[in-house]
Amino acid sequence: MSKKSKLWTLLGVMVMFAMILSACAPAATETPTEAPIETEAPPPPTAEEGEQITLTVLAGNVGQELELTKQAAQRYMDMHPNVTVNVVDTPDFVDDRLGVYLQLFEAQSPEGDVFQIDVIWPGDLAEHFVDLYEYGAADVAAEHFPAIIKNNTVDGKLIGIPWFTDAGMLYYRTDLLEKYGYDTPPANWQELQEMAQTIQDGERAEGNQDFWGFVWQGNAYEGLTCDALEWVDSNGGGDIVSADKVITINNPAAIQAVDQAAGWVGTISPPGVTGFGEEDARGVWQAGNAAFMRNWPYAYSLGQADDSAITGLFDVSPLPAGASGAGSATLGGWQLAVSKYSEHPEIAADLAMFMASYDEQKARAVEGSFNPTIMSLYQDADVLEANPFMGSLYDVFINAVARPSTATAPQYTPTSTLFFNAVHSVLTGDSDAETAFAELELDLEDLLGYEIGAP
């Protein structure tokens, strides 16, 4: 059986085991704040003369992710004729993708070499990846956002090289705000609700019965954890579990925030929003059928494409504020990690470092509006011309709120699952937030063994 066939066989294993396996993941250790120990970078990896090497990259496929990854792989192959790089797309929903990865790790499979990993996974998955500081990463780590390098460092080892970063943003139709007499995007969630309703009513009165005020990610998956954390944190409700390991989610501010969001379903948001992921929301938005959208930066370049119905008709801003008086954007982003089970870890590490390099991050930013993790790219004229928001919203990206992956490691995945399922039950009307969060608090206490307190 070919390497690709064997990989697809493994990818076909049922994802239902993902939660079971993640609950058994090893404990993460404190990440150090000091600089990594300086190590001499190894020489560029080379294969024996005449040896042909095949590497597999497990990548995402949201927006232009897959195509841009394949382009980077081709550039690497052009430089290294002895290396073939196969890029395999993995499930869009991060929970499903994690399930695929865990199946490969459980089998200690060599079929995956470079893995695209979420910002929340380094602590839970560290045992399965090499230390990139041993492959030259110490020479370039200082170029990246320090907070992301710290996030990716477990027990002094760099588990993933930063590839692109994310933060939630509000997309809004500039033409429709002007049409209905609004000078600026909404400053807070109540304003968004009122503006969305007014614009929706007006557009439907003119005949577009498919038009909605606001689309977002409401399915029961990690994306809902991101959206709901923004509602809760901006309302002064904390971040589910505090950095000092206290369960804080069951509080009046968090309850009020999620109850408010539940009121959007079927009013300013489609009833089906409770099944939406990022691409579902973008589909409605890019067809011209929404006034506002919460999404990640990748949707910007797609919305401005020639085949988009809203080219030149939208802009982005920070997400609205809640009762706290400040907005909140969940930190997202992806890293490249090299499997310990790879048969060619040196070559795989070289590929990962190449794909996360300055030139490659610039290409992804210009062509796909993927936010760089290399700080100097935010002063690059080409990047800012293609994505003006990367300059104006720079503070949003560097101050984004992190999910409690460090505080709950190695139990972040079940923690997030409990949270997004509780929120989803409120959005679908199966529960109210007060009841759902009281039960969530008990479930988290059983899972984590932490104390309960206020945010």
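The values are calculated or read from the model by the stated rules, or taken from the named source; none is laboratory data. Everything numeric here is computed off the predicted structure, so don't read it as measured data. A quick note on method: Cβ atoms are made from the backbone with ideal geometry, for glycine too, and the neighbour counts reach across all protein chains shown. Please note that ligands, DNA and RNA were not included when accessible areas were found on the heavy atoms of the full protein model with its side chains. Shrake-Rupley method; radii C 1.70, N 1.55, O 1.52, S 1.80 Å.
Residues in segment 54-85 that are within 23 Å of the chain's Cα centre (by Cα), open to solvent by 10 Å² or more (accessible area, probe 1.4 Å) and of a type in the set (S, T, N, Q): Asn61, Gln64, Gln71.
Residues in segment 142-152 that are open to solvent by 10 Å² or more (accessible area, probe 1.4 Å) and in contact with a strand residue (DSSP E or B) (Cβ under 9 Å, 6 or more places away or on another chain) were compared, and the one that is farthest from Leu55 (Cα to Cα) is Ala147.
Of all the listed residues (Asp175, Asp131, Asp166, Asp155), the sole one being more than 30 Å from Pro345 (Cβ to Cβ), open to solvent by 10 Å² or more (accessible area, probe 1.4 Å) and among the charged types (D, E, K, R) is Asp175.
Residue-wise test of (1) in contact with a strand residue (DSSP E or B) (Cβ under 7 Å, 6 or more places away or on another chain); (2) at pLDDT 95 or above; (3) of a type in the set (A, V, I, L, M, F, W, C).
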| residue | (1), (2), (3) |
| --- | --- |
| Thr56 | yes, yes, no |
| Gly60 | yes, no, no |
| Gly63 | no, no, no |
| Gln71 | no, yes, no |
| Met77 | yes, yes, yes |
| Val83 | yes, yes, yes |
| Val88 | yes, yes, yes |
| Arg97 | no, no, no |
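If you go through segment 417-455 and keep only what is of a type in the set (S, T, N, Q), open to solvent by 40 Å² or more (accessible area, probe 1.4 Å) and assigned to a helix (DSSP H, G or I), you end up with Asn421, Thr435. Candidates Trp285, Trp264, Trp296: the one that is closer than 24 Å to Lys362 by Cα and within 24 Å of the chain's Cα centre (by Cα) is Trp296.
Apart from one condition, Ala187 fits all of (1) among the small types (Gly, Ala, Ser); (2) modelled with pLDDT of 95 or more; (3) in contact with a helix residue (DSSP H, G or I) (Cβ under 9 Å, 6 or more places away or on another chain); the exception is (3).
Taking the criterion of being within 16 Å of the chain's Cα centre (by Cα) and either over 15 Å from Tyr171 (Cα atoms) or among the small types (Gly, Ala, Ser) (or both), the only residue of segment 299-323 that qualifies is Ala299. Selection of helices (runs of 4 or more DSSP H) fully inside segment 244-314 by the criterion of at least 1 residues being charged (D, E, K, R) returns 252-262, 278-286. Could you tell me whether segment 245-262 includes any residue that is open to solvent by 40 Å² or more (accessible area, probe 1.4 Å) and small (Gly, Ala, Ser)? No, there is no match, as no residue in segment 245-262 is open to solvent by 40 Å² or more (accessible area, probe 1.4 Å) and small (Gly, Ala, Ser).
Residue pairs whose Cβ atoms lie under 7 Å apart, separated by 6 or more positions or on different chains, with the first residue in segment 254-283 and closer than 21 Å to Tyr300 by Cβ and the second of a type outside the set (A, V, I, L, M, F, W, C) and part of a helix (DSSP H, G or I), are Gly277/Gly223; Glu278/Gly223. Inside segment 227-243, can you point out the residues that are assigned to a helix (DSSP H, G or I) and touching a Phe, Trp or Tyr at 6+ places or on another chain (Cβ under 9 Å)? Passing the criteria: Asp227, Ala228, Leu229, Trp231, Ser234.
Answer yes if at least one residue in segment 204-213 is farther than 30 Å from Val130 by Cα, in a helix (DSSP H, G or I), charged (D, E, K, R) and at pLDDT 95 or above, and no otherwise. So far as segment 204-213 goes, yes, one or more of its residues are farther than 30 Å from Val130 by Cα, in a helix (DSSP H, G or I), charged (D, E, K, R) and at pLDDT 95 or above. Considering segment 345-366, and only residues there that are among the charged types (D, E, K, R) and more than 20 Å from Tyr298 (Cβ to Cβ), the residue that is surrounded by the fewest Cβ atoms within 10 Å (Cβ to Cβ) turns out to be Glu346.
Please go through segment 205-238 and pick out each residue that is under 22 Å from the mean Cα position of the chain (by Cα), acidic (Asp, Glu) and closer than 23 Å to Asp280 by Cα. Glu222, Asp227, Glu230, listed by residue number. Remark: Gln260 matches the filter, which requires a residue to be farther than 25 Å from Glu178 by Cα, modelled with pLDDT of 95 or more and of a type in the set (S, T, N, Q). Here Asp113 meets the list (1) among the charged types (D, E, K, R); (2) over 29 Å from Ile398 (Cβ atoms); (3) open to solvent by 10 Å² or more (accessible area, probe 1.4 Å); (4) at pLDDT 95 or above almost entirely, failing just condition (3).
For segment 321-337, check the following and say yes or no: at least one residue is under 22 Å from Met77 (Cα atoms), aliphatic (A, V, I, L, M), modelled with pLDDT of 95 or more and surrounded by 18 or more Cβ atoms within 10 Å (Cβ to Cβ). Walk me through it before giving the result.
Within segment 321-337, the subset under 22 Å from Met77 (Cα atoms) is 335-337.
Still in the list and also aliphatic (A, V, I, L, M): 336-337.
Next cut, modelled with pLDDT of 95 or more only: 336-337.
Subset that is surrounded by 18 or more Cβ atoms within 10 Å (Cβ to Cβ): 336-337.
Within segment 321-337, one or more residues are under 22 Å from Met77 (Cα atoms), aliphatic (A, V, I, L, M), modelled with pLDDT of 95 or more and surrounded by 18 or more Cβ atoms within 10 Å (Cβ to Cβ).
If the condition is being free of Cβ contacts under 8 Å to residues at least 24 places away in the same chain and open to solvent by 60 Å² or more (accessible area, probe 1.4 Å), then segment 367-393 contributes Gln379, Ala381, Asp382, Glu385, Pro388, Ser392.
Residues in segment 214-224 that are closer than 15 Å to Thr428 by Cα and assigned to a helix (DSSP H, G or I): Leu224 only. Checked against (1) over 18 Å from the mean Cα position of the chain (by Cα); (2) touching a residue at least 40 places away in the same chain (Cβ under 8 Å); (3) farther than 20 Å from Pro297 by Cβ; (4) open to solvent by 60 Å² or more (accessible area, probe 1.4 Å), Thr406 passes all but condition (1). In the set (1) at positive phi; (2) free of Cβ contacts under 8 Å to residues at least 40 places away in the same chain, the condition left unmet by Asp183 is number (1).
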